[in-house]
Amino acid sequence: MTNESRTEERARQGLESAGIAFEIVRHGPVASLDEAALARGLDPSQVLKTIVVRRSEDEYLFVLVPGGRTIAWPKLRALLGVSRLSLPDQHIALEVTGYERGTITPFGSLTKCPVVADHRILDVGKVSIGAGGHGVSATVDGAEMLRALSAQVADVTSQEELGQSQRR
């Protein structure tokens, strides 16, 4: 069994243990949000990014961000009551989650981390979230997923601007 097969299986087991209905969708490589949405049969706003954020030296959280949006760092810092947050490098994110960037999901993560989700996820019904492999996602009901993850739901994103990076 390849490493990617193992991570996909771990994500599947995490979804199953969460007790929510899900459908695994496999597609080839995609180069943009629009391509990912098209391949998954969804609107871009229904494609979620799972971003690992470092809160302190050894404390991390997941932030679920709808497609076309980016973390609004001042809002997230205010919600968490902290003055500084950072994005760990790809090696730390892999160590914390067991997933490579682009495949990260809270389901089956090696480290159980709190989840913060943008409130807009509640408005779109079905959403697509990473499922542990490149070109692999899980389609789930957004509200059910947030309940299963005990996510803190708040306004933590802003509209993504062309060329905008994940500024902190």
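The values are calculated or read from the model by the stated rules, or taken from the named source; none is laboratory data. Note that the structure is predicted; figures quoted are calculated from it, not measured. Glycine gets a Cβ as well: all are built from the backbone with ideal geometry, and neighbour counts include every protein chain shown.
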Report task. State all residues of the stretch 6-20 that are over 16 Å from the mean Cα position of the chain (by Cα), among the polar types (S, T, N, Q) and surrounded by 13 or more Cβ atoms within 10 Å (Cβ to Cβ); if no residue qualifies, say none. Result -> Q13
Query raised in the report: Could you say whether any residue in the stretch 31-41 is in contact with a Gly (Cβ under 9 Å, 6 or more places away or on another chain), under 15 Å from D141 (Cβ atoms) and at pLDDT 95 or above?
Result: no
Query - Residue tally, condition of a type in the set (G, A, S), part of a loop (DSSP other than H, G, I, E, B) and at negative phi, over the stretch 95-124 - result: 1
Report summary line: Going through the stretch 25-40 in order, the residues found to be in contact (Cβ under 8 Å) with a residue 12 or more places away in the chain and out of contact with any Asp or Glu (no Cβ under 8 Å at 6 or more places or on another chain) are V25, R26, H27, G28, P29, V30, L33, A36, A39, R40
Report task. Tell me which of these V96 doesn't satisfy, since it passes every other one: (1) out of contact with any His (no Cβ under 7 Å at 6 or more places or on another chain); (2) without any contact (Cβ under 8 Å) to a residue 60 or more places away in the chain; (3) surrounded by fewer than 19 Cβ atoms within 10 Å (Cβ to Cβ). Result -> (3)
